[in-house]
Amino acid sequence: MQLVVARIGRAHGIRGEVTVEVRTDEPELRLGPGAVLATDPASRGPLTIASGRVHSGRLLLRFEGVDDRNAAEALRNTLLIADIDPDELPDGEDEYYDHQLIDLDVVLADGTEVGRITEISHLPSQDLFIVERPDGSEVMIPFVEEIVTAIDLAEQKAVIDPPPGLIDDRAEIASTRDDQA
């Protein structure tokens, strides 16, 4: 299985370093010296990380064979892709890789079907499940312990306990308000 772990940004300095937008929770594992990463576009060929360092809060990488600013600038906007064993699990007990969560069925505690996870959106404050409902509409579910009560990879499902209004249809909410009036 392949996973996008970073996007190359601007060249930094004159010796071939580039800034990197990290897209993995484990940069020390995926973006360390010696790591060989596939690229998108693939025409850039696999890149081997020669060295890395943090400068002013940004990760800087240098790749083998990329020795000057021009060569580094030519890599701009290239995606770096790591090969990952699909059975590999993160170190943390309640941590998951995106590929483990994509396509899980989302259900309420009573088994009522909500939909299927189609995407994970990583925001600064929290992650969101993008869930496609059976009718084709989408709903966003915050991936927080209070709402996502269980992840069962063996059963391929995520159990949620949403607050009122999170997954309810607008028509249902409106009819509830009308009934209360």
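Going through the stretch 54-72 one residue at a time, which ones are closer than 15 Å to residue 27 by Cα and touching a Lys or Arg at 6+ places or on another chain (Cβ under 9 Å)? Listed by number, the residues that qualify are 59, 60, 61, 62.
Picking from residues in the stretch 1-17 that are part of a strand (DSSP E or B) and out of contact with any Leu (no Cβ under 6 Å at 6 or more places or on another chain), the one that is surrounded by the fewest Cβ atoms within 10 Å (Cβ to Cβ) is 2.
Checking each residue in the stretch 23-58 for being over 15 Å from residue 82 (Cβ atoms) and either part of a strand (DSSP E or B) or assigned by TED's automatic domain parsing to the domain that holds residue 127 (or both) picks out 50, 51, 53, 54, 55, 58.
Among the β-branched types (Val, Ile, Thr) and surrounded by 17 or more Cβ atoms within 10 Å (Cβ to Cβ): is that true of residue 144 in this structure? Considered against the rule, which asks whether it is among the β-branched types (Val, Ile, Thr) and surrounded by 17 or more Cβ atoms within 10 Å (Cβ to Cβ), residue 144 comes out as no. For the stretch 134-147, the set of residues classified as in contact with a strand residue (DSSP E or B) (Cβ under 7 Å, 6 or more places away or on another chain), closer than 24 Å to residue 3 by Cα and in a loop (DSSP other than H, G, I, E, B) consists of 143 only. For the stretch 159-170, the condition of being exposed (fewer than 15 other Cβ atoms within 10 Å of the Cβ) and either assigned to a strand (DSSP E or B) or polar (S, T, N, Q) (or both) holds for none of the residues. Quick check on residue 8: is it in the same structural domain as residue 67 (by TED's automatic domain parsing), over 25 Å from residue 88 (Cα atoms) and under 18 Å from the mean Cα position of the chain (by Cα)? When the stated conditions are applied, residue 8 passes them.
Looking across the stretch 68-113, the residues that are under 21 Å from residue 130 (Cα atoms) and buried (at least 16 other Cβ atoms within 10 Å of the Cβ) come down to 96, 97, 98, 100, 101, 104, 105, 106, 107.
The values are calculated or read from the model by the stated rules, or taken from the named source; none is laboratory data. Bear in mind that the values here come from a model prediction, so they are computed numbers and not experimental data. Glycine gets a Cβ as well: all are built from the backbone with ideal geometry, and neighbour counts include every protein chain shown.
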